[in-house]
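The values are calculated or read from the model by the stated rules, or taken from the named source; none is laboratory data. Keep in mind that this is a model prediction, so the values were computed, not measured. Glycine gets a Cβ as well: all are built from the backbone with ideal geometry, and neighbour counts include every protein chain shown.
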Amino acid sequence: MTTRIVVVAAGLSTPSSTRQLADRLTADAVSMLRERGADVEVQVFELRDLAHDITNHLLMGFAPPKLQAALDAVAAADGLIAVTPIFTTSYSGLFKSFIDVIDPQALTGLPVLLGATGGTPRHSLAIDYAIRPLFTYLHAVPVTTGVFAATSDWGDGDGDGVRSLPDRVARAAGEFADLVGRTDRSGLVNDPFALDRPVGHLLGGLAGE
Amino acid sequence: MQFGIFTVSDITQDPTTGHTPSEAERIRATLTIAKHAEEVGLDVFALGEHHNPPFWSSSPTTTLAAIAGATSTLQLSTATTLITTNDPVKLAEDYAMLQHVSDGRADLMLGRGNTGPVYPWFGKDIRQGLPIAMESYELLRRLWREDVVDWEGKFRTPLQGFTSTPRPLDGVPPFVWHGSIRTPEIAEQAASYGDGFFANHIFWPAYHTQRMVQLYRQRFEHHGHGTAAQAIVGLGGQVFMRKNSQDAVDEFRPYFDNAPVYGHGPSLEEFTQQTPLTVGSPQQVIDRTLGYRDYVGDYQRQLWLIDHAGLPLKTVLEQLDLLGEEVVPVLRREFAKNRPAEVPDAPTHASLVRATYGDAAPRQAVPNANRGDNLTVGSPYQDAAPAAPTGSAFGLAATRGGAR
C-alpha cells in the first residue's frame with residue numbers, strides 16, 4: 001500500500017525559505033518511511049500557485065479544479081507536512097485561508113508535521129501558540145516537535161546552544177514518520193456520495209430505513 | 001420536458017446605469033416577466049423565498065397567485081420554499097390554496113434556505129436544519145393526505161384533530177421537488193418519497209450536480225419508485241444571450257463583475273468554464289443545455305435564471321424572447337430525440353389526478369356543518385366514511401358520541 005504524503009508550503013517568494021524548510025522536512029520524513037519499507041508518494045502544493053483559487057473559493061463556495069485537486073489530496077493523505085511563514089505573530093493569511101476552505105472533517109486523524117519560518121527566532125513559539133491549536137481543533141494529530149526556521153538557522157543558528165536546524169528537522173520527521181507508519185488513513189477515506197455504503201443514516205433515522 | 005425560468009428576487013443596482021429599482025418596481029417587473037414567460041411559450045415560472053433585503057419575495061404564494069390570475073397555462077413553482085423556517089401547517093394551507101386559485105398549476109420546491117439568521121428570526125435553531133426539514137416535510141405530507149391529523153414532533157407544537165383547509169385540489173397534493181446543491185441527505189429525502197429532485201446547478205461545478213443526481217436516481221430505484229431513469233430530475237441554468245456571441249459577453253460582463261453572488265471573484269471566463277453559466281449566442285445556449293443530459297441523464301424540467309444581477313426589465317424580456325423563439329423550440333425537439341419511452345414527463349396536476357383516480361371522478365371535499373367535533377368523530381368531510389367512535393368511555397368524547 002502506498003503511503004501518501006502531502007506537503008503544503010505557504011511561502012510567497014520564489015524560491016522561498018518556507019519551501020526550503022518544507023523540502024527538508026519532507027526529505028527526512030520520506031527517507032525514514034522508506035527505511036521502514038514504505039512505498040511513499042509525495043505531492044507538494046505551493047499555496048502561492050493556488051492563491052487566486054483560494055480567494056475564489058472563499059467568495060463562491062466551490063473550488064476551481066486545481067484547488068480541488070489539492071483539497072482532495074490533503075483529505076486522502078496519510079500525513080501532511082504544513083509549513084507557513086509567520087506574519088504578524090501567526091500563520092500567514094493565505095495559509096489560514098487554505099485551511100478555511102478544507103472540509104472541517106477532512107483532517108480528522110491526519111498526522112501533521114508543523115513547520116514555520118520567520119526573520120528572527122523570537123517568533124518560534126507561534127507554532128505552538130497559533131498553528132498547533134488550529135490543527136487540534138480540526139482533529140488532526142500534529143506531532144510534538146514543530147520546526148521553526150529563523151533566517152539565522154540557515155547559517156549557524158546564532159550559536160544559541162540549541163540543536164541545529166538539521167537536528168530539529170530529523171527529530172520532527174522521525175516523530176512524524178512514526179505516526180504516519182501506523183496510519184492506514186488513505187485507505188479509509190469516506191465519500192458521502194458513495195453508493196455502495198449503507199445510507200439509512202442519511203435521514204438521521206427519521207425516515208425509518 | 002418543461003422549460004422555464006426561476007428568480008431569486010434580488011434587487012440589485014444596474015452597474016451600467018447606477019439605477020436600483022424600488023421594491024414596487026421589481027415586484028411589478030416580476031409579474032411582467034412571468035406573463036411574458038407564458039407569452040413566449042415557456043412552461044414554468046418559479047420564485048424564491050427570502051426574508052431580508054435586498055430580496056423582495058417573502059411571500060411566494062401571494063405573488064404566484066397574482067401571476068396565476070394573469071396567466072392561463074404557466075406552471076407556478078418555487079425555488080425554493082423554506083421547509084425549515086416556515087410552519088408546515090401554514091405551508092400545507094398556502095400551497096393547497098395556490099392549487100385552487102391557479103386551477104392546478106402549482107407545485108413547489110423545498111429547500112433549507114441560505115441565510116442563517118432566518119432561523120432565529122423564525123424561532124428555529126439552524127443546527128437542527130436538516131432534522132427540521134425531515135420532520136416538517138413528513139408533517140406537510142400528512143396534512144395534505146389525511147383529513148384529520150394528530151401529530152407530535154420535536155420542532156413545533158403538537159396537533160390534535162387538525163384539518164388543513166382547503167383540502168388539496170381534487171384530493172391530490174401538489175407535486176414536490178426537493179432542491180439542494182450538495183447535501184446528499186436531501187437527495188435521499190427526495191428519493192425515499194419518490195418526489196422530484198432539483199439540482200440548483202448554477203454557481204457550482206457540474207460534478208456536484210452529477211453526484212447529487214446520480215445518488216438521487218439510484219436511491220429512487222432502491223426505494224421502489226421506478227427505475228433510476230424514471231426519477232424526476234430538474235436542473236437550474238444561467239444564461240445571457242445576444243445574437244452575436246461577443247455582444248453577449250460585452251454586455252453581460254459589467255453585470256457579472258459586480259453581481260453580489262460572484263462579483264469581484266473569478267473572471268467571467270473562469271466562471272463560464274467552471275459552472276453552467278452560459279454567455280453567448282442562442283446556439284451556444286442550446287449546445288450547452290443539451291450537454292447537461294450527458295451527466296444527469298434525460299430529465300424533466302429545465303429552469304434558467306435570467307433576471308438577476310441588476311439586469312433591467314427590458315433586457316430580461318429580450319432574453320425571454322430569445323429563449324422562446326430560438327432556444328426552447330430546438331431544445332424540445334432535440335431532447336425528445338432518443339429519449340427512452342420509460343422516461344416520464346414532469347408530473348402535473350392532470351397527470352397526478354389520472355394516476356390517482358384513473359377515469360373515476362376526483363374527490364371534491366365538501367365539509368360537514370361545523371359541529372366542533374373533529375377530535376372525536378373522524379373526518380369533517382361528507383364523503384368520508386363515518387368514523388367509529390374513538391372508544392372513549394368517559395369525558396366529553398363519550399358524551400358527544402352518545403348524543404349522535
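Just checking, does the range B:240-256 include any residue being crowded, with 17+ Cβ neighbours inside 10 Å, under 30 Å from B:Leu143 (Cα atoms) and at pLDDT 95 or above?
No: zero hits.
When you go through B:Gly113, B:Gly161 one by one, which is the residue that is surrounded by fewer than 19 Cβ atoms within 10 Å (Cβ to Cβ), small (Gly, Ala, Ser), on the phi > 0 side of the Ramachandran plot and away from chain A (no Cβ under 14 Å)?
Going through B:Gly113, B:Gly161 in turn, just one is surrounded by fewer than 19 Cβ atoms within 10 Å (Cβ to Cβ), small (Gly, Ala, Ser), on the phi > 0 side of the Ramachandran plot and away from chain A (no Cβ under 14 Å): B:Gly161.
Could you grab me the full set of residues in the range B:164-183 that are away from chain A (no Cβ under 14 Å), of a type in the set (Val, Ile, Thr) and under 25 Å from B:Phe198 (Cβ atoms)?
B:Val172, B:Val176 - these are the residues of the range B:164-183 that are away from chain A (no Cβ under 14 Å), of a type in the set (Val, Ile, Thr) and under 25 Å from B:Phe198 (Cβ atoms).
Does B:Ser77 fit the bill of being among the polar types (S, T, N, Q), part of a strand (DSSP E or B) and out of contact with any helix residue (DSSP H, G or I) (no Cβ under 7 Å at 6 or more places or on another chain)?
Working: among the polar types (S, T, N, Q): yes; part of a strand (DSSP E or B): yes; out of contact with any helix residue (DSSP H, G or I) (no Cβ under 7 Å at 6 or more places or on another chain): yes.
So B:Ser77 passes the test.
Filter the range B:184-215 for residues that are more than 9 Å from every other protein chain (Cβ to nearest Cβ), of a type outside the set (A, V, I, L, M, F, W, C) and either out of contact with any Pro (no Cβ under 7 Å at 6 or more places or on another chain) or surrounded by fewer than 20 Cβ atoms within 10 Å (Cβ to Cβ) (or both) and give the result.
Correct list: B:Gly194, B:Asp195, B:Gly196, B:Asn200, B:Thr209, B:Gln210.
Taking the condition among the basic types (Lys, Arg), at the interface with chain A (Cβ under 9 Å from one of its Cβ atoms) and over 23 Å from B:Thr7 (Cα atoms), does B:Arg219 pass? Before you say what the answer is, go through the steps one by one.
On the way: among the basic types (Lys, Arg): yes; at the interface with chain A (Cβ under 9 Å from one of its Cβ atoms): yes; over 23 Å from B:Thr7 (Cα atoms): yes.
Here the answer is yes, as B:Arg219 does meet what is asked.
For residues in the range B:243-264 being among the acidic types (Asp, Glu) and closer than 17 Å to B:Gln319 by Cα, which is farthest from the other protein chains (Cβ to nearest Cβ)?
The extreme case among them is B:Asp247.
Considering only the range B:265-292, how many residues are assigned to a strand (DSSP E or B) and either of a type in the set (A, V, I, L, M) or within 14 Å of chain A (Cβ to nearest Cβ) (or both)?
Residues meeting the conditions: 1.
From the residues in the range B:302-353 that are hydrophobic (A, V, I, L, M, F, W, C) and part of a loop (DSSP other than H, G, I, E, B), which one is farthest from B:Ser281 (Cα to Cα)?
B:Ala341
List, please: which pairs have Cβ atoms under 9 Å, are six or more places apart or on different chains, and start with a residue in the range B:137-152 that is in contact (Cβ under 8 Å) with a residue 60 or more places away in the chain and end with one that is of a type in the set (D, E, K, R) and surrounded by 22 or more Cβ atoms within 10 Å (Cβ to Cβ)?
From residues that are in contact (Cβ under 8 Å) with a residue 60 or more places away in the chain, the pairs are B:Asp147/B:Arg167.
Being among the hydrophobic types (A, V, I, L, M, F, W, C) and under 11 Å from the mean Cα position of the chain (by Cα) is the filter; apply it to the range B:58-82 and report the residue that is surrounded by the fewest Cβ atoms within 10 Å (Cβ to Cβ).
Within the range B:58-82, the first condition is being among the hydrophobic types (A, V, I, L, M, F, W, C), and the residues that meet it are B:64-68, B:70, B:74, B:76, B:79, B:82.
From what's left, under 11 Å from the mean Cα position of the chain (by Cα): B:76, B:79, B:82.
Numbers: B:Leu76: 27, B:Ala79: 29, B:Leu82: 25.
Per the stated criteria, the residue is B:Leu82.
Please enumerate the residues belonging to the range A:85-105 that are at pLDDT below 95 and aliphatic (A, V, I, L, M).
Passing the criteria: none in range.
How many residues does the range B:254-287 hold that are of a type in the set (D, E, K, R) and either touching a Cys at 6+ places or on another chain (Cβ under 8 Å) or touching a residue at least 24 places away in the same chain (Cβ under 8 Å) (or both)?
Step one: of the range B:254-287, the residues of a type in the set (D, E, K, R) are B:257, B:269-270, B:287.
Now drop any that are not either touching a Cys at 6+ places or on another chain (Cβ under 8 Å) or touching a residue at least 24 places away in the same chain (Cβ under 8 Å) (or both), which leaves B:257.
Qualifying residue count, the range B:254-287: 1.
Which condition from (1) of a type outside the set (D, E, K, R); (2) surrounded by fewer than 19 Cβ atoms within 10 Å (Cβ to Cβ); (3) at pLDDT below 95 is the one that A:Ala63 breaks?
Going through (1) of a type outside the set (D, E, K, R); (2) surrounded by fewer than 19 Cβ atoms within 10 Å (Cβ to Cβ); (3) at pLDDT below 95 one by one, A:Ala63 breaks only (2).
Condition check: touching a strand residue (DSSP E or B) at 6+ places or on another chain (Cβ under 6 Å), touching a residue at least 12 places away in the same chain (Cβ under 8 Å) and of a type in the set (A, V, I, L, M). Does B:Leu352 satisfy that?
It is false that B:Leu352 is touching a strand residue (DSSP E or B) at 6+ places or on another chain (Cβ under 6 Å), touching a residue at least 12 places away in the same chain (Cβ under 8 Å) and of a type in the set (A, V, I, L, M).
State all residues of the range B:116-149 that are within 14 Å of another protein chain (Cβ to nearest Cβ) and among the basic types (Lys, Arg); if no residue qualifies, say none.
If the condition is that a residue be within 14 Å of another protein chain (Cβ to nearest Cβ) and among the basic types (Lys, Arg), then B:Arg127, B:Arg141, B:Arg142 are the ones that fit.
Output the residues belonging to the range A:139-161 that are out of contact with any strand residue (DSSP E or B) (no Cβ under 9 Å at 6 or more places or on another chain) and either among the basic types (Lys, Arg) or at pLDDT 95 or above (or both).
A:His139, A:Thr144
Only one of B:Asp87, B:Asp107 is surrounded by 17 or more Cβ atoms within 10 Å (Cβ to Cβ), under 29 Å from B:Glu39 (Cβ atoms) and modelled with pLDDT of 95 or more. Can you tell me which?
When all the criteria are applied, what remains is B:Asp107.
Whether any residue in the range A:193-207 is at pLDDT 95 or above, touching a helix residue (DSSP H, G or I) at 6+ places or on another chain (Cβ under 8 Å) and surrounded by fewer than 15 Cβ atoms within 10 Å (Cβ to Cβ) is what I want to check.
No, that holds for no residue.
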